[in-house]
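Okay, structure first, notes after.
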Amino acid sequence: MALGGYPLRKPVLETRMRPWILVFCALLFAPAAWGEVRLNLQISDSELVLGDQVLITLEAEGAEPSAEVEAPKVQGLQIEVQGPPSSSSQTTLINGQTSHHSSLTYHFGVTADRLGKYEIEPFVLVFQGQRFESERLSLLVVPAPKDPSMKLTLKADRKQIYLGEPLTVSLEWSVDAQIAGYEFRFPLLADKDQLKLKLVPIDPNQRSEQLNIDQYKVQFQAFEENRTRRFVTGFKLYPHQTGAFVVPAAHIKVSKVAGYLPGRDFFGRLVQQPRLITGYASANALKISVLALPLAGRPANFGGAVGQYQFKAELERPTFDLGESINLKLIVEGVGELDKIGRPLVPALGTDLVSNENLAPGKIEENRVTFFQKITPKKAGKFEIPPVGFAYFDPQKGAYQQTFSEPLKIEVLATEKLDLKEVVGARPVAKIERDPGFYQGPAPQTPSVPWGWFLALPLLPLAYHFGRRTKPAARPAPLPWSGTALKADLAILSQAWEDLAQWRFGPNRRWDKTAMREQMDPELLEHFWQIKETLDAYQYGSTPHHPAQIEALRQQLIELANEVGG
């Protein structure tokens, strides 16, 4: 509607105030945004028996699952959250008014290392950028009452070990009472992965029983003598740093049957019901000194082996064909952290035997780790692989030890090189020349037998038709070589490999190792494929490399071309 031909205008005050009114209303009807969160804290018991556990429940009214809780740190106490929080949400509509209520409930288990009175600082809830604190709690830790019917013992085989040396801990529980239920705690198991903890094997001929320790099922050897039952188990572990290593105390809480009382069952009949009392037993913590390995007398080839070991080198057989890869096995046997043992170094073998670099980890089987080293003979003859050294630290002697394998004699037999004309489906080609450019010149033509022309004349039209469809791949012109530009040289070598594969297996072929195995000797194919994997690792991976390695790879590729095309 207009007045005097002019449109009506809204009041300036109303136009400017509308956004602020909307913001005010949004904040008014969003209590959580204003921080309307209430924390309720409860503890199951204000007095904690040493070795037992109390529960703390924290309820956060008005909080949602995006909230985060921070538990206080109290020296001498362990406060650990018991799983994810439980959440609840409720929306109600009364007389047209909508209300929403949400809450989170956290559960914490509290255990103690020593006696005393503790003040537990507030728990903190972080929600929508705000911090909310609970009230404080007090906790008194008291000693467990003496229980002559139970005993818990914790022992270590030594009080001092070297870093990398295994420590064996035994745990024994003896009881001469009737047990209705128990709670076993041994905090060491929480670090089982970091300590590489394993159970010590038990006697299979002796009766055993599974007991629950925290959330783990542990096999115990079970013994029964008169009225006393004993449960014994052992753990082997590796402390991961020098200094004082503490094996935490073990605790057990049981419900014992202490006579019977008259009572009535579900149907009202008179029965005898067990009278249960609570009993406790604890084993003191152990303190172990972990020593660093000495620097004095450390051999240059020491690879981290700590323990007692035997070492040997083996070959699959003493005789090999020229061009065939020789697999040398380096075997270390003993008890220790086998995954930390470094690869023994093979000494220089000269120019007639080439030891291919291998960074793969050893294969671990029980108390043995095997390293594989591939060696390629460059000419026929009789050779000797010299002794390989292996160094380790013997904790019992407190000194480094050096052991050597026996020398190995091998014989390399001269064999004819691979003739492509004898391979089914291969195209006849001439030998590839060794040259810095890897390939050069057009693909040579294989001379045909004169009388073959008479047999081939009827097939010339057909050959011409298919020859137009698939032409054999020609060798490319010489490739440039800088010797210093790593990326450019890797690209050149990758292209050379592709050209060789295309020339050997046909153009426009998808490189499939399984299919290629049908047209090439397996050992030769393995070398062929290993060069490609090394190129890919240098070109696309994070494997470090330098010009000398690229040059060595280039030489391998040139030699491979002669082996494939010879």
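Each value in this text was obtained by applying a stated rule to the coordinates, not by laboratory testing. Predicted, not measured: the structure shown is a model, and the values here were computed from it. Cβ coordinates were reconstructed from backbone atoms using ideal geometry, including for glycine residues, and neighbour counts include every protein chain displayed.
For the pair Leu199 and Leu293, how long in nm is the line joining their label points, each one 7 Å along Cα→Cβ?
Result: 3.1 nm between the two label points.
Residue separation times 0.36 nm, minus the C-alpha to C-alpha distance between Leu276 and Ser44: what's the value?
Details: separation 232, 0.36 × 232 = 83.52 nm, distance 2.04 nm.
Taking 0.36 nm per residue and subtracting the Cα distance, the gain is 81.5 nm.
May I ask you to compute the full-extension gain from Thr98 to Ala190, defined as 0.36 nm times their residue separation minus their alpha-carbon distance, rounded to one decimal in nm?
28.4 nm
For a quick check: sort Glu551, Glu366 by the number of other beta carbons within 10 angstrom, fewest at the front. Intermediate results must be reported in sequence, preceding the final value.
Values: Glu551 13, Glu366 8.
Neighbour counts put them in this order, fewest first: Glu366, Glu551.
Order these by the 10 Å Cβ neighbour count, fewest first: Lys374, Lys487.
Details: Lys374 17, Lys487 10.
Least to most surrounded, the residues fall as Lys487, Lys374.
According to a simple spin-label model (label point 7 Å from Cα along Cα-to-Cβ), what is the distance in nm between Leu359 and Ser208?
Each label point lies 7 Å from its Cα, and together they span 4.1 nm.
Calculate, for Lys146 and Ile79, the FRET efficiency according to 1/(1 + (r/R0)^6) with r their C-beta to C-beta distance and R0 41 Å; round to the nearest 0.05.
On the way: r = 28 Å, r/R0 = 0.68.
It comes out at approximately 0.90.
Can you compute the modelled spin-label distance between Ala244 and Lys382, with each label point 7 Å from Cα toward Cβ, in nm?
6.5
For the stretch 327-332, what does the Karplus curve 6.51 cos²θ - 1.76 cosθ + 1.60, with θ = phi - 60°, yield as ³J(HN,Hα) per residue in whole Hz, taken in order and with x for Gly and Pro?
Those phi angles translate into 9, 9, 9, 10, 10, 10 Hz.
Could you tell me the relative contact order of the stretch 150-290? Use alpha-carbon pairs under 8 Å, at least six residues apart, and round to a whole percent. Each step should come with its number before you reach the end.
Numbers: 318 pairs, mean separation 46.1, N = 141.
Here the relative contact order equals 33 percent.
Determine, for Ile202, Ile550, Ile94, the number of other Cβ atoms within 10 Å of each Cβ, and report the residues in order from fewest to most. Each step should come with its number before you reach the end.
Working: Ile202 16, Ile550 19, Ile94 7.
Taking fewest neighbouring Cβ atoms as first place, the list is Ile94, Ile202, Ile550.
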